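K.L.:
I am attaching a structure below and will ask some questions about it afterwards.
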Amino acid sequence: MHYSVSSISSMQAEEAAPRPSSTVVLVRAGDPRPEVFMVKRHAGSSFGSRFAFPGGVLEASDALVHDAGSGLSVQQAGRLLQLDRGALDYYSAAIRELFEESGVLLAAHGLSATELQESRAALNEGSLRWDRFVRARRLQLHYDRLHYFSFWITPPGIAKRYSTRFFLAELPAAQDASHDGCELVESCWMPAADILAARKLRQMQLPYPTRKTLKRVAVFDGTTDLLNWARACGDKGVVCNRPAFKPEMLR
């Protein structure tokens with residue numbers, strides 16, 4: 001979810017419907033604690049120069065690749081997200097956004113590094129549609145590597161609102177993450193506690209849900225425990241966070 005000072009207009013803001021979106025907290029083993037991949041968006045974007053997790057809004061093509069995924073059925077996804085329909089759209093969007101924004105592809109494929117780079121660029125510029133890419137390259141999307149653990153809805157009174165499902169995923173072997181250099185102008189791998197410390201020193205700006213999520217991640221010493229915790233969150237049932245707007249969300 002993207003908050004910016006310019007999007008707040010006290011009680012005068014026209015009410016906007018939250019846009020369905022997916023966010024991926026990408027983690028990898030680190031020394032001494034797991035590291036989180038963070039991206040910084042350009043000043044003119046919704047996140048306005050803030051660091052956040054890769055993610056974005058659902059697109060129509062996300063609903064056209066349900067059968068191209070593995071490890072999670074329509075029924076299982078619906079139970080986890082507590083939705084009667086469209087739950088797998090969020091998983092598809094999460095994999096697509098993660099690939100577009102970080103270059104990490106949670107899928108079985110036979111593409112070369114060059115082909116992956118070219119496909120990512122084409123998706124970002126809009127010359128390639130997600131479902132056509134998945135079909136043409138016969139991708140098998142790894143839905144089961146996304147662990148649903150959190151749900152946030154942007155407060156009323158903000159012009160751009162999002163209904164965002166948060167997923168945790170471990171960086172696949174032999175892959176690395178990098179920002180696209182267009183919408184995203186910077187990226188880094190850091191332990192969650194270090195990111196929060198940098199924010200206190202005013203070295204990094206973080207959206208409110210990002211800060212809250214990092215605090216939850218920071219208590220874990222290893223990726224195994226972190227992944228097990230995220231799975232348990234989904235199994236127990238994720239409660240929707242519907243915060244009222246507070247000034248601290250902008251700090």
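The values are calculated or read from the model by the stated rules, or taken from the named source; none is laboratory data. Only a predicted model underlies this, so the values are computations on that prediction, with no experimental measurement involved. Ideal geometry is used to build each Cβ from the backbone, glycine not excepted, and the neighbour counts take in all protein chains shown.
K.L.:
Hey, residue 99 hits all of (1) part of a helix (DSSP H, G or I); (2) of a type outside the set (Asp, Glu); (3) over 26 Å from residue 216 (Cα atoms) but one; which does it fall short on?
P.N.:
For residue 99, the failing item is (3).
K.L.:
Applying the selection to segment 207-219, what residues are in contact with a strand residue (DSSP E or B) (Cβ under 9 Å, 6 or more places away or on another chain), at pLDDT 95 or above and farther than 14 Å from residue 150 by Cα?
P.N.:
Listed by number, the list holds a single entry, 218.
K.L.:
Taking the conditions exactly as written (modelled with pLDDT under 95 and closer than 28 Å to residue 31 by Cβ), does residue 173 satisfy them or not?
P.N.:
Considered against the rule, which asks whether it is modelled with pLDDT under 95 and closer than 28 Å to residue 31 by Cβ, residue 173 comes out as yes.
K.L.:
List the residue pairs whose Cβ atoms are under 8 Å apart, where the first residue sits in segment 90-118 and is within 18 Å of residue 164 (Cα to Cα), the second is modelled with pLDDT under 95 and of a type in the set (D, E, K, R), and the two are 6 or more positions apart or on different chains.
P.N.:
100/180; 101/180; 101/183
K.L.:
Taking only pairs six or more apart or across chains, which ones have beta-carbon atoms under 6 Å, a first residue in segment 205-224 that is touching a residue at least 60 places away in the same chain (Cβ under 8 Å), and a second residue that is surrounded by 18 or more Cβ atoms within 10 Å (Cβ to Cβ) and acidic (Asp, Glu)?
P.N.:
Once the first residue is touching a residue at least 60 places away in the same chain (Cβ under 8 Å) and sits in segment 205-224, its partners that are surrounded by 18 or more Cβ atoms within 10 Å (Cβ to Cβ) and acidic (Asp, Glu) give 223/170.
K.L.:
To continue, here is another question. Taking the condition of being loosely packed, with under 13 Cβ neighbours inside 10 Å and free of Cβ contacts under 8 Å to residues at least 24 places away in the same chain, how many residues in segment 133-164 meet it?
P.N.:
1
K.L.:
Among 105, 168, which is the only one that is of a type in the set (A, V, I, L, M), at pLDDT 95 or above and farther than 20 Å from residue 65 by Cβ?
P.N.:
168
K.L.:
Which one of 194, 176 is touching a residue at least 12 places away in the same chain (Cβ under 8 Å) and surrounded by fewer than 19 Cβ atoms within 10 Å (Cβ to Cβ)?
P.N.:
None of the other options fit; the residue is 176.
K.L.:
Among the residues that make up segment 227-249, is at least one of them surrounded by fewer than 12 Cβ atoms within 10 Å (Cβ to Cβ) and β-branched (Val, Ile, Thr)?
P.N.:
yes
Quick grid of which residues meet (1) out of contact with any His (no Cβ under 6 Å at 6 or more places or on another chain); (2) of a type in the set (Asp, Glu); (3) in a loop (DSSP other than H, G, I, E, B); (4) at pLDDT 95 or above:
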| site | (1), (2), (3), (4) |
| --- | --- |
| 16 | yes, no, yes, no |
| 24 | yes, no, no, yes |
| 36 | yes, no, no, yes |
| 72 | yes, no, yes, yes |
| 75 | yes, no, no, yes |
| 78 | yes, no, no, yes |
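K.L.:
Among the candidates 200, 215, single out the residue that is loosely packed, with under 15 Cβ neighbours inside 10 Å, of a type in the set (Lys, Arg) and within 20 Å of the chain's Cα centre (by Cα).
P.N.:
Sole residue among the options that is loosely packed, with under 15 Cβ neighbours inside 10 Å, of a type in the set (Lys, Arg) and within 20 Å of the chain's Cα centre (by Cα): 215.
K.L.:
While we're on this one: Got a sec? Which of 92, 61, 127, 70 is over 30 Å from residue 233 (Cα atoms) and either out of contact with any strand residue (DSSP E or B) (no Cβ under 9 Å at 6 or more places or on another chain) or polar (S, T, N, Q) (or both)?
P.N.:
127
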